[in-house]
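The values are calculated or read from the model by the stated rules, or taken from the named source; none is laboratory data. Model, not experiment: these values are computed from the prediction. Ideal geometry is used to build each Cβ from the backbone, glycine not excepted, and the neighbour counts take in all protein chains shown. Quick note on the areas: whole protein, heavy atoms, side chains included, nothing else; ligands and nucleic acids left out. Shrake-Rupley method; radii C 1.70, N 1.55, O 1.52, S 1.80 Å.
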Amino acid sequence: LAIAVMWLLTVNAVAVTHHVPDGYASIQAAVTAAAPGDTVMVAAGTYTEQLVIDKDLTLVGVGDPVIQAPATGRTTYTLAETGTTVWDPVVFAYVGLLSGSLVSGTDVISVDISGFVIDGGNTAGSARFTGILYRNVDGTIDDNHVSQMFDSDGEGNGPQTFGIMVYGDS
């Protein structure tokens, strides 16, 4: 009976669309609440947050919402593929084992991101600052604009910065 109920729940699973800000105060709250395969629709506005996605998901911006990097308090990561290089992503989509700040593992997820303005706010620190970082992600990054990825003087003479970086089995 338990197997039949589990099969029934699996067969009847339906992807859900989560709306920001109507249903959630932040994009991260909607991503956290979403089940694998769901869609998060984000309305126009500015959302100051570092976004971490670790499941199959579609993230859609409607009206060019801005994901603004917080000036401080962002989490940095190292990837098995890049050794000791420290990454400071505004949006980080990954799958794998997270041990401290190190991400490793061989699984792959699907994440599609479209319709956003990723604004680094010229807040690069000492790590490699990137607008969108994919690690072991199969999906599309489409119709996004990444800007202001320098350090505080805005002159591009600080750490290495990137708009979009893709690593691992992506």
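Could you size up the charge dipole of segment 24-125 around its Cα centre, putting +1 on the beta carbon of Lys and Arg and -1 on that of Asp and Glu, and report it in debye to the nearest 20?
180
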Taking R0 as 35 Å and r as the Cβ-Cβ distance between SER126 and ASP64, the FRET efficiency 1/(1 + (r/R0)^6), rounded to the nearest 0.05, comes to 0.70
Computed from every Cα-Cα pair in segment 19-104, P(r) in 10 Å bins starting at 0 and rounded to whole percents is 17, 45, 30, 7, 0
Residues meeting the amide H criterion for VAL146 (H placed from the backbone, H to H distance under 5 Å, 5 or more places apart or on another chain) are ILE118
Once ARG128, ARG135 are ranked on solvent-accessible area with the largest value leading and a 1.4 Å probe, the list reads ARG128, ARG135
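By how many nm would the segment from THR85 to ASP153 lengthen if fully extended, with 0.36 nm per residue of separation less the alpha-carbon distance?
Details: separation 68, 0.36 × 68 = 24.48 nm, distance 2.32 nm.
This chain segment gains 22.2 nm when fully extended.
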Between ASP169 and THR32, the FRET efficiency computed from the C-beta separation at R0 = 25 Å comes out, to the nearest 0.05, as 0.55
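For THR75 and ASP142, calculate 0.36 nm times their separation in residues minus their Cα-Cα distance, and state this gained length in nm to one decimal.
21.7 nm
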Segment 38-55 scanned against label point 7 Å out from ASP22 along Cα→C-beta; backbone N under 18 Å for 38-46
With all protein chains present, segment 34-112 has a carbon and sulfur share of its accessible area (1.4 Å probe) in percent of 53
Relative to the chain, whose Cα atoms define the longest principal axis, helix 2-11 and its Cα axis are tilted in degrees, nearest 10, by 60
Probe 1.4 Å, heavy atoms of protein chains only: per residue, the accessible area of segment 24-170 in Å² is 43
For mean projected area of the Cα convex hull in nm² the list reads (1) 9.1; (2) 11.7; (3) 10.8; the calculated value is entry (3)
